[in-house]
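One structure is given here, and the rest of the page talks about it.
The values are calculated or read from the model by the stated rules, or taken from the named source; none is laboratory data. A quick note: this is a predicted structure, and the numbers were derived from the prediction, not measured. In this analysis, Cβ positions are derived from the backbone assuming ideal geometry, glycine residues included, and neighbour counts consider all displayed protein chains.
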Amino acid sequence: MRTTASLLLLAGALPAQMTSRLLPVAPGADIPITTIQGASAGPTLALVAGIHGYEYTPVLALQRLRRTLTPGGLAGTVILVHVANMPSFLRRTVYYGPDDGKNLNRVFPGRPEGTLSERIAHAITREVIERADYLIDLHCGDGNESLRPYSYWMRTGKPDLDERSRRLALAFGLDHIVVDDERPTDPAQSVYCSNTAATRGKPAITVESGGLGLIEEDAVARLEQGVLRVLRHLKMTRAAVADQPVAPVWIVRNSVLRSDATGLFYPAVRKDQDVPQDALIGRVTDFFGNTLREVRAPFAGRILYVIATPPISAGEPLAMIGAPGPMPSPRTDPRR
Ligand SMILES: [Zn+2]
């Protein structure tokens, strides 16, 4: 005898529902996930927030989306990872997990028997990324980073995948898109969350809006609206959402400037500022105030983010600078 549910499935309808649960990883690190299954068939979109636990705008955007997305109005499935890195979130750490000192967004696809960050990455890879057709990894400037909004478009050298990812970035609608040719291509060493999807053949983008641990309405709304535009682009909703305001600026060259010394950082630029080549980006001093380094722009460009709090350790970022250029082709990959 067939159940009502299977009859509905046979008729092409799905049991629309929303379920929230904790994905088990370890005590204190279980991951809150909501799955919204729509009333009709469609793709699965995964949204990941809180890979970095001091990045609050993505976490708040997903709290809102859980309230605004209704199963009845959805085709396909949305998976919301509300707080990927619970140890970092609850213990308020920047960049690194408090238990193992590892950056969760550098250990993908993770290991089931690894350190806590590696186990979190493994759970997200297996239970979220491998079940999804598309992925958006949502970030903002970390607790120490003053950031202007932008997204990353990864070019993998696979034209179809790259074009579908490019359309995701355009649909999301942030006004700056960084063309990223630097991600590894080995699925077993994917390193980054979004690249774990890309190396498994799934279109994926990373988006950034907000920073410095601040709760800013416009930064949260920008992420929420971007997700709604992607859902419309993928024909998963018909919800009314404003179009993205402008054609994007393509950042075709970028550099993350890192400190080679430990001490205090004094920035000399603001986010979104345009600087000429060799402009002073900031100074690193020792703990007595003596200047150790002056950091200068390697090329003319726009400050995408800059560290805005004093502590700096050797090897850590000071700022990211990007240079605009013409819209690049998905078929042009300088690496191959
Ligand atoms: Zn981040």
Only one of 173, 211 is touching an Asp or Glu at 6+ places or on another chain (Cβ under 7 Å), on the phi > 0 side of the Ramachandran plot and at pLDDT 95 or above. Can you tell me which? 211
Output the residues belonging to the range 18-33 that are more than 28 Å from residue 72 (Cα to Cα), out of contact with any helix residue (DSSP H, G or I) (no Cβ under 9 Å at 6 or more places or on another chain) and either in contact (Cβ under 8 Å) with a residue 12 or more places away in the chain or not in a loop (DSSP other than H, G, I, E, B) (or both). none
Any chance you could count how many residues in the range 58-88 are more than 13 Å from the chain's Cα centre (by Cα) and assigned to a helix (DSSP H, G or I)? 13
Of these, 38, 50, which one is within 21 Å of the chain's Cα centre (by Cα), buried (at least 21 other Cβ atoms within 10 Å of the Cβ) and at pLDDT 95 or above? 50
Which ones in the range 131-155 are within 17 Å of the chain's Cα centre (by Cα) and away from the ligand (no atom under 14 Å from the Cβ)? 132, 133, 134, 135, 148, 153, 154, 155
Out of 65, 90, 80, 23, I need the residue that is touching a Gly at 6+ places or on another chain (Cβ under 8 Å), more than 16 Å from the ligand (Cβ to nearest atom) and at pLDDT 95 or above. Which one? 90
Taking the range 262-284 only, how many residues are surrounded by 15 or more Cβ atoms within 10 Å (Cβ to Cβ) and part of a loop (DSSP other than H, G, I, E, B)? 7
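Conditions (1) part of a loop (DSSP other than H, G, I, E, B); (2) under 25 Å from the mean Cα position of the chain (by Cα); (3) among the small types (Gly, Ala, Ser), marked per residue:
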site	(1), (2), (3)
231	no, yes, no
241	yes, yes, no
247	yes, yes, yes
252	no, yes, no
305	no, yes, no
309	yes, yes, no
Determine, yes or no, whether residue 191 is modelled with pLDDT of 95 or more, out of contact with any Asp or Glu (no Cβ under 6 Å at 6 or more places or on another chain) and closer than 27 Å to residue 117 by Cα. yes
Hey, among 227, 256, 246, 252, which residue is surrounded by 17 or more Cβ atoms within 10 Å (Cβ to Cβ) and among the aliphatic types (A, V, I, L, M)? 227
